[in-house]
Every structure is written in C-alpha cells, then in structure tokens.
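Structure first, then comments.
Derivation of every value follows stated rules applied to the coordinates shown; laboratory data play no part. Not measured: the values here are computed from a predicted model. Glycine also receives a Cβ, built like all others from the backbone with ideal geometry; neighbour counts cover every protein chain displayed.
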Amino acid sequence: MVAKMTKQKPTSNDATKSSIWGGRFASGPSQLMQDINASISYDQRLYQQDIAGSKAHATMLAACGIITSADCDAIHKGLGQIAIEIEQGKFVFSDSLEDIHMNIESRLAELIGEPARRLHTARSRNDQVATDFKLWVRDAIDAIDHALADMQIALIDKATNHADMVMPGFTHLQTAQPVTFGFHLMAYVEMLGRDRGRFADARIRLNESPLGAAALAGTSFPTDRHMTAAALGFDRPAANAMDAVSDRDFALEFLAAAAICAVHLSRFAEELVIWSSDRFGFISLSDAFTTGSSIMPQKRNPDAAELVRAKPGRIIGALNGLLIVLKGLPLAYGKDMQEDKEGVFDAADSLGIAIAATTGMIRDLTAKPDAMLAALQQGFPTATDLADYMVRELGMPFREAHHASGAIVATAAAKGVDIEALSLAELQAVEPRIKPDIIGQLSVASAVAARTSFGGTAPDEVRARIADAKQRFGLE
Ligand code: ARG
C-alpha cells in the first residue's frame, strides 16, 4: 500500500479546526500538537479492520432503528469505495485528521455527505480503536499460527529423514550422550506446539467485542452489541464498557507469546550458527540463507540465523514498552494507549519474517553425518551406557557404577582413546566383573538404540513420537 500523506502548514486559524471535534475550539492545534498526536503514519494498517467495524456498526444501527436503512446502504457503499481507494494507493492520508478512524470518516463524508455523520452514533473512537486493534491482533495470531505449523512440518520432514542419524547431544555445550539429529529437531516441534498453544489461549481471551462500549460508559441508544460482536466473529461483547475501552492486555498477551516464541527461534538459530560453523560442521546452510563477505572470499556467513537470533531484542522490547505504558494508567482511555500499536506491528512483522526465514533454513539445510560421528569420538559419550551396563548386568548401585565408569573414562583419557576402544582386560582392571558381552554395547549406535523410554532418542521411538506429533498438532 502506498501511503500518501499531507502535512498542514503551522497555523492556528479557524480553518484548521477539526471538523470532527472542533465544536468548542476557537482555533486549531499547533503543528507540534498535530505531530505528537497523529498516529495515521502507522495506524493506517488498521484500515480493513476499521472498515469492517464501521460496516458492522452501521448495519446494527439500522437494524435497531437508530439510522435508516438508506443511510446504512450509503455508508456501506462509501466504505467499500474507500477500501478500494486505499488498496489502490489513491487514498490521501492526512496528518491533520490524526488517525485512521477520522481519515476514513472524513473521506466518507466527502463521498456520501450526511449519512456519514450519523455513523458515529452510539460509538466512540475509544471502542472503535480497541475493536480495530483486537481484530488486527486476531488476524496476526492466525497468520503466526499458520506459519508456526508450517515450520513444524518442515522440522518433522527433516526429522523423519534423519531419525537414524547419530550426533552428539550436549549439556553445557559439552558432549553428553549420543542422540539422533531427528530427535534433536523434534524438540523444537514441541516448543513450537506450546508457542501455538499460547497464541491460541490469548486468542480465546481476546475474542470479546469492545464495539458499542462507546466512550467508556455505554450508550443511551437501543443498540445491540451482541449483533456487532457476532458480525465481527467475536464470541460475545465485552461485559463491562469501561474495561472494554481500557483493555490492552490482549496486546500484552500477544507480545508475551511472541517474545517467548522469538526466544525459542533464537535458540534454534544459535544452534544453526554453531552446527554450521567450521569447528562443528554438522550441517551446511544453503546459499539462499547465507551471505558472503565483502573482503574474505571464502566466507559463508549465517546472517539469516544471526538475525533470527537477534529478533527477540525488539520483540521483548515491545512487550516491555507496552507494559510500561500501561502500568499505573487510570481507567478508562488515555492517549497513552495510542502508543500500543507500533510495538505490536513491529513485533508481528519481526516474528513473521523470523519464522519464515527459519522455516526456509530448515528445509534447505544439509546434515553432515560424518562430522557428527567424528565429534562422537571425543568426550566419551557412552560413559553413561557403561554405568548402566554395570547396574543392569552386575547389580551394582548406580552411584558405584557411575564411579567405576568414571575410572574407566580416566584410563581411556590417559591412552587418548574412547572407552569403546579399550580391551576387556583394561575394563576389568577397574571392574573385574565386567563380562565379554560388554563388547558392542559401548558404540554410539547401540547407545542410541537402547534409549527406548517414552520420548527417548531411540530411532523407533522418535518415529513413534513423530507420528503422534503430527496428530497432536493437527499437521496431517
Ligand atoms: N488514535 C487513537 C488511538 O490509537 C484513537 C482513539 C482516540 N480516542 C480519543 N479519545 N482521543 O488510541
């Protein structure tokens, strides 16, 4: 959408008085007042929601006998025309008309005359903006849910193809136990599932209509708020008019869910950076999601992953910003609340592009099984399996077995080999009861295959959980 903007010259003559609220004013606002007050540069993003809300309101006013159906028809027609003008970039947005609500209403008056001036009956900009913003956040939630489901599918596809590929699992970024690449990827499918759950929860609480709450106290006109709520897809009208115009916790919940989701994406992005580094080489990222260096010809930088890693900065910032704006704000509406939108818009945009870029990186990445296996040669990743063997086969208490396994690790470390490379005699030098059947049980493949507990890394278990995840998250 191409926004056309006009700014009024600094003047305070009568001609600049607002035709919408200027009744008791002798002169218009100063240029500075206009500049600090105007939100049209960003709240024009609410135009579709504003038009939908006005149409629903006009229909209700006519149905309740508050305006004529001829006026209602004219309002609908005019609003339809305005939607087209905005979509085609022909609408001239004006700073002096403050916000999207007054820009549209003023244009409506130009187009249809008197009926436009009846539209604001039994309504205020306070319930209007709360309605528009809720509808916008609801759309954003739906778009994000869709994008997150797509990312889950990308992860599941990769995990399915790599359910047997062994790699080191880390704690403290130190080699811990062998896992499979598919298992590791599925961890993020769970996280994203909870993220989607948080957005869905927020959507349920959000879905009450503020429209018709008017300025703060309701209205003396015989309106039907249930009707407008239903027309706009809300579950019900908000039950208290003062709360309806003051509530911005739907925006806070959206930002909180977005912040947590962005933090999850940043953890994954950091893993992509680590895995694709020269030192690890577990994966390579595609040309499509990396950039070169202007000076070092050999470089392939994971810029997209780094930017996803950074995005929580602005999204958490938006959450903090709005929490601070709302803190201590008395009921009902205060102009402070106009500061609610830019952070939400930016957070939604930032999260949207972070999800899309991460999904692209997942689909494109190539896993490097040789590098993963080579990394498993270091760090004694099957030391726990050796301890488990002594518990299972020799009846040792786990703490003793842990100690004996640690002593064997020390022997292997002194020799510069993995514990799998030690002879039976070397193992028995620490724990004489170890039997020849230990041979083969210390390989990374058998360590992974043995972890068949629910949610464990054994390939068959991973495949079972993949099937279950598809169902649980509605991805089939
Ligand atoms: N642009 C305003 C906002 O975003 C609309 C509501 C204005 N209401 C008022 N009473 N001044 O908050």
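Key figures
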| item | result |
| --- | --- |
| Calculated FRET value between Q88 and A149, using beta carbons and R₀ = 22 Å, to 0.05 | 0.10 |
| Part-to-part distance (alpha-carbon centres) for the range 216-288 and the range 387-441, which is given in Å | 52 |
| Förster radius 51 Å - calculated FRET efficiency between D157 and M33, Cβ distance, rounded to 0.05 | 0.40 |
| Whole-angstrom Cα spans of the range 317-440 along principal axes, big to small | 80, 38, 25 |
| Whole-number D in µm²/s for the range 47-106 (Stokes-Einstein; Kirkwood sum over Cα pairs; 25 °C, 0.890 mPa s) | 204 |
| Pairs of alpha carbons in the range 217-353 whose separation is greater than 19 Å (percent) | 65 |
| Dipole magnitude (debye, nearest 20) for the chain, charges at Cβ of Lys, Arg, Asp, Glu | 580 |
| Proximal aspartates and glutamates relative to K17, as straight alpha-carbon distance under 19 Å, when same-chain residues fewer than 8 apart are discounted | D35, D95, E98, D99, E105, E110 |
| Reachable lysines from K435, criterion Cα separation under 30 angstrom, eight or more residues apart if same chain | K415 |
| Virtual spin-label span in nm between S284 and D139, 7 Å along Cα→Cβ | 4.2 |
| For peptides 207-217, 22-32, 289-299, sequence by mean Cβ density within 10 Å, most packed first | 207-217, 22-32, 289-299 |
| Reach of K368 by Cα under 24 Å, taken over lysines that are not fewer than 8 positions away in the same chain | K158, K299 |
| Square roots of 5 times each gyration tensor eigenvalue, C-alpha, the chain, largest first, Å | 62, 23, 19 |
| Footprinting exposure proxy for D385, D235, D303, D132 (fewest neighbouring C-beta atoms within 10 Å first) | D235, D303, D385, D132 |
| For q = 0.18 Å⁻¹, Debye-computed log10 I/I(0) when each Cα of the range 287-333 counts as one equal scatterer | -0.68 |
